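Notes to accompany the following structure.
The values are calculated or read from the model by the stated rules, or taken from the named source; none is laboratory data. Treat the numbers as computed from the prediction; the structure is a model and nothing was measured. Note that each Cβ is placed from the backbone with ideal geometry, even for glycine, and that neighbours are counted across all protein chains shown.
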Amino acid sequence: MWQYVLRRLILTIPVLIGVSLLVFAMVRLVPGCPAVAIAGVHATPEFVEQVRRDLGLDRPLHTQYFIFVGNLLRGDLGVSTRTGRPAATEIWDKFPNTVELAMASTLVASVIGIIAGVISATRQHSIFDSGSMLVALFGVSVPVFWLGLVLMLLFAVTLDWLPAGGRGGTIEYLILPAITLGAASAAIIARMTRSSMLEVLRQDFITTARAKGLRERIVTYKHALKNALIPVVTIIGLQSGILLGGAVLTETVFAWPGVGRLMVDSIMARDFPVVQGAVLLFAVCFVFVNLFVDVLYSFLDPRIRYE
């Protein structure tokens, strides 16, 4: 197991190098010059050029990249051109909020998706089965920002049950963003759970368990569900990484003070260090989430061995 984990960690090195190269290139393809954004549109050309030299933007791109990687290996993400604070500090201040939202969204998506998928599989071709799959299709198709605005209008403005945005000290502020962000993932998990459960319920060992006189609830949740969770866990792991890095729209709609909203502000201000650092952080988290999912397989299915 530990040898497998070590091999996976080594394989992440070229992945992260590729991510850093792509992020470095794409950020600099964004229209506009950060030196002009910092100096101001009314600044003199001489002052703008001085800012460019201070930021190192007058050097060739490959030189800028090697400097960026060298600083990154030392844990230095640079200084935010928007606030003047270290980019790492800017990101880490917001990162716990994004993790909180992503974990809540993953919990909402997993609970709703697995329950809906199991019930749909055990009641195949019923009204509930057709209705849940229709809702799942709706959840996958609806844009996140539209769903967020509709939920905000209904529960915050019309019914006045929940706050419209921000991050307070109570769980009420987390409910609407978590449901909005987790809706699409819940639909995907529900469809995968239904498909996997239907396949497992047709296996011979399920027929044997029923023939022994076991209760249907025990057959479904103790025997069938555990064996059906392998592909479901894969989807949950992938969705967790996607939710962590895809909270940009949700955080913007609900004014949630996370890294996603910080990225939007930094892109608008051409704040290269913060944007690069945030994307790299999301990439690292995604890699480690998938590694955790792979390790979890061996606990769900003892037949899986890592050699």
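Data table
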{"quantity": "Test: residue in the stretch 34-44 that is more than 26 Å from Arg261 (Cα to Cα), surrounded by 14 or more Cβ atoms within 10 Å (Cβ to Cβ) and either modelled with pLDDT of 85 or more or small (Gly, Ala, Ser) (or both)", "calculated": "yes"}
{"quantity": "Condition met for Gln239 (part of a helix (DSSP H, G or I) and closer than 25 Å to Ala87 by Cα)", "calculated": "no"}
{"quantity": "Hits in the stretch 242-255 (condition: of a type in the set (A, V, I, L, M) and either assigned to a helix (DSSP H, G or I) or over 25 Å from Arg28 (Cβ atoms) (or both))", "calculated": "Ile242, Leu243, Leu244, Val248, Leu249, Val253, Ala255"}
{"quantity": "Residue count, the stretch 58-72 (criterion: under 24 Å from Leu16 (Cβ atoms) and over 31 Å from the mean Cα position of the chain (by Cα))", "calculated": "3"}
{"quantity": "When residues of the stretch 112-138 are limited to those that are over 16 Å from Met197 (Cβ atoms) and hydrophobic (A, V, I, L, M, F, W, C), the one surrounded by the fewest Cβ atoms within 10 Å (Cβ to Cβ)", "calculated": "Ile127"}
{"quantity": "Check on Lys226, without any contact (Cβ under 8 Å) to a residue 40 or more places away in the chain, charged (D, E, K, R) and more than 30 Å from Arg167 (Cβ to Cβ)", "calculated": "no"}
{"quantity": "Identity of the residue in the stretch 107-129, polar (S, T, N, Q) and part of a helix (DSSP H, G or I), that ends up farthest from Ile235 (Cα to Cα)", "calculated": "Thr122"}
{"quantity": "In the stretch 72-91, the residues that are in a helix (DSSP H, G or I) and either among the small types (Gly, Ala, Ser) or touching a helix residue (DSSP H, G or I) at 6+ places or on another chain (Cβ under 9 Å) (or both)", "calculated": "Leu72, Ala87, Ala88, Glu90, Ile91"}
{"quantity": "Single condition Val79 does not satisfy, out of (1) modelled with pLDDT of 80 or more; (2) over 23 Å from Asp265 (Cβ atoms)", "calculated": "(2)"}
{"quantity": "Among residues of the stretch 162-184, those that are assigned to a loop (DSSP other than H, G, I, E, B) and hydroxyl-bearing (Ser, Thr, Tyr), counted", "calculated": "1"}
{"quantity": "Of all residues in the stretch 256-294 being modelled with pLDDT of 85 or more and not in a helix (DSSP H, G or I), the one that is farthest from Ser80 (Cα to Cα)", "calculated": "Trp256"}
{"quantity": "Pairs, first acidic (Asp, Glu) and buried (at least 24 other Cβ atoms within 10 Å of the Cβ) in the stretch 258-270, second modelled with pLDDT under 85 and part of a helix (DSSP H, G or I), C-beta under 9 Å, six or more apart", "calculated": "none"}
{"quantity": "So Ala211, is it over 30 Å from Arg52 (Cα atoms) and surrounded by 16 or more Cβ atoms within 10 Å (Cβ to Cβ)", "calculated": "no"}
{"quantity": "The lone exception for Arg28 - which of (1) at pLDDT below 80; (2) assigned to a helix (DSSP H, G or I); (3) surrounded by fewer than 14 Cβ atoms within 10 Å (Cβ to Cβ) it fails", "calculated": "(3)"}
